[in-house]
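Working notes, beginning with the structure itself.
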Amino acid sequence: MIYNNLFYFLIVIFTVSTNSAAAEPAFSIFWTLVLLGGTAWLYAQAAERFFAGIGVSSSAYFLAEKRLSILAVALFVLWIYLLDLKYYLNPLSLGGRLPALVDIGGLACFFLLMTLMWRAARRHYGQIFQRRYTAVGFILSNWKTNLPIVLPWLVLSLLFDGLQALPFPELSEIFHSPWADVVFFVAFLVFLMLAFPPLVKVLWGCRPLPAGPLHDRLKAFSSKLGFSPEIYLWPLFEGQVLTAAVLGIVPGLRYLLITPALLEALTTDELNSVLAHEIGHVKHRHLLLYMALFLGFSLFAGAVVKHLPYLVLSSDIFYRLLPYIPAAPENALGIAVAVPLLILMLFYFRFVFGYFIRHFERQADAYVFQAMGTGWPLISAFEKIALLSGGNREEKNWHHFGIGERIDFLKRSELERDLVRRHARKLRMALLFYGIGLAAAVIGLQHVDSGKLAEGYEIRYAEAVLLQKARQEPENSLWFLYLGDFLQSRKLEQRAIHAYEEALKLTPMSAEINNNLAWLLLTAQDRALRDPERALALARTAARLKEHGYILDTLATAYWANGLLGQAVSAQMRAISLDPENRVYYQRQLERFRMQRYEDE
């Protein structure tokens, strides 16, 4: 359950932290509230229906919770990208001083969805686990269970934003330097080592294992293996789940957690074998390796994200899909960048991280041979756990081999101890290849020239933005006018003429549109696009609508282009009288009209 929830919260944190608040929301605040409230209500109804059909089966309860959690993640992603949730949360940033508060507000919205699920689950949970909870008590219990998953991110995000808000330029330089990721990771590691274990112990409601023979036996066995943790009872699902865990990296802040159900179900040798498994994690430094794998993803994703926007902007697919995406172009770009990163994250944690977790678990299982000389007590413990849990003995998941597979490995290793050494060697080689591959990928990406990925993408993107605006406001000719001006400034004359023509269809009596199209038809570098006769008609219309210096300049140029020199000089003189600040330019134009022929340009 905890590993799955880690997966869900990773997606949520990634979604909320990589999304930027839209400049304008897709819907008004009224309709946004209606859609948020409506989808939340539908989710609550779905949760009621899901739990209504589970009976008193704990496996069915966990399956319903898993499916509803996935549904909550999907709904939250829709809230972020389609309903522009961060736009409405943006005031939480205190004027941009603490942007982490916006992301935390988004995370709270996801917890709200999960709260609707837990509210629907409470009665069924009580029937299955024989425990009475008030609605508030049950929801708080689940909040405390899941809060440790996001606690490092919450604390460090607030800490770093708070430090950057301080009036110390040196700190700001550090946070914007190439070493920022390393500094963040070191702080993350320090927090996990020193503050995280005690906080989790309190949040999960763990209490010390009472003094007595059982406590003494477990401590003695641990000490014999050079391991001296504090042992705590873990009330996970009322302590009825058969599991154990080791928490903490620093020896003085390391705790061994065991559920009461596991203590009751297993014999002394079986308990010792479970302890040997947890001690195996410590001896093989798996907790530190987990941190290294998290850092690996951070480094790789950071190298990828540097180039991904340019890659998207250079893609024809993005521009073909843009008209069909119900979001502003800048939001569409954010989605187009975030989706590949999200897929990368899912792939990494599901397959790369999952691969190493499964094999770390197997290596921890194999430590029982070093600790006890035999694997039969752990085999017996696994058989009991499979039987009492009521689950499928062969069921696998992304972070653990199935119990049947783990038992099979232990049995084979009992007969052929070299399997343990081969597995350790296999894991070392996998970590080595991972490290080499990661380093090669990060270094290689650092040497990619982002500028060459999408040369000229600014023009294409800006054109797409203006076309999107024109589609959103089809009666507003200004967007086509702006598009024509932009394309003309970039010497994309054929497309600029087309944009002006579209604007002219919408507002034929616009002085600006008539003038700008006339000027382009007079001055196009591509002579095949020039049309002096039509330009004169457009310029005359513009001058009748608005007699301004720059418009009369266009009219004068049109007269000149059509061989009407006297009218050209008259129009230009009128421009000088109306706009004396630009007298020098207009006089140069007069000299040009007298000294050159339009056809000779």
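So which lysines can K384 reach, going by Cα to Cα under 24 Å and dropping same-chain residues fewer than 8 places off? Result set, ordered by chain and number: K219, K396, K411.
For E48, what charge total do you get from the other residues with a beta carbon under 15 Å from its beta carbon, if Lys and Arg give +1 and Asp and Glu give -1?
Details: positive: R49, R67, R119, R122, R123; negative: E65.
Computed value for this residue: +4.
Under 8 Å for C-alpha pairs, at least 6 residues apart: give me the relative contact order for the chain, rounded to a whole percent.
Here the relative contact order equals 9 percent.
Short to long, the 5 Å bins of the Cα pair-distance histogram for region 1-189 hold 1, 7, 14, 17, 17, 14, 11, 8, 6, 3, 1, 0, 0 percent of all pairs. Here the contact order of region 460-542, divided by its residue count and restricted to Cα pairs under 8 Å and six or more residues apart, works out to 22 percent. For the chain, the longest principal axis of the alpha carbon atoms and the long axis of helix 2-18 meet at an angle near 20°.
If you take the beta carbon distance between I343 and T268 as r and set R0 to 60 Å, what does 1/(1 + (r/R0)^6) give as a FRET efficiency, to the nearest 0.05? Please list the in-between numbers first.
On the way: r = 48 Å, r/R0 = 0.80.
After rounding to 0.05, the efficiency reads 0.80.
With N counted as the residues of region 100-259, its alpha-carbon radius of gyration over 2.2 N^0.38 Å works out to 1.30.
How charged is the neighbourhood of F7? Take every other residue with its Cβ under 15 Å from the Cβ of F7, and add Lys/Arg as +1 and Asp/Glu as -1.
Working: positive: K66, R67, R350, R358; negative: E65.
Neighbourhood net charge equals +3.
Considering every alpha-carbon pair of region 236-287, the percent of pairs per 5 Å bin, from zero through the bin containing the longest distance, is 5, 21, 27, 22, 17, 9, 0. Once the chain from A430 to V305 is taken as fully extended at 0.36 nm per residue, the excess over their C-alpha distance is 42.4 nm. Scattering from region 473-600 was approximated by placing one identical point on each alpha carbon and applying the Debye formula without solvent; log10 I(q)/I(0) at 0.15, 0.21 1/Å stands at -0.67, -1.20.
Taking the empirical scaling 2.2 N^0.38 Å for compact globular proteins as reference, region 13-85 has a Cα radius of gyration ratio of 1.36. If you plug the beta carbon distance of V202 and H400 into 1/(1 + (r/R0)^6) with R0 = 30 Å, you get a FRET efficiency near 0.65. Computed on region 1-189, with alpha-carbon pairs under 8 angstrom and 6+ residues apart, the relative contact order is 26 percent.
Each value in this text was obtained by applying a stated rule to the coordinates, not by laboratory testing. It should be emphasised that the depicted structure is a prediction, and the values quoted were computed from it without experimental measurement. Glycine gets a Cβ as well: all are built from the backbone with ideal geometry, and neighbour counts include every protein chain shown.
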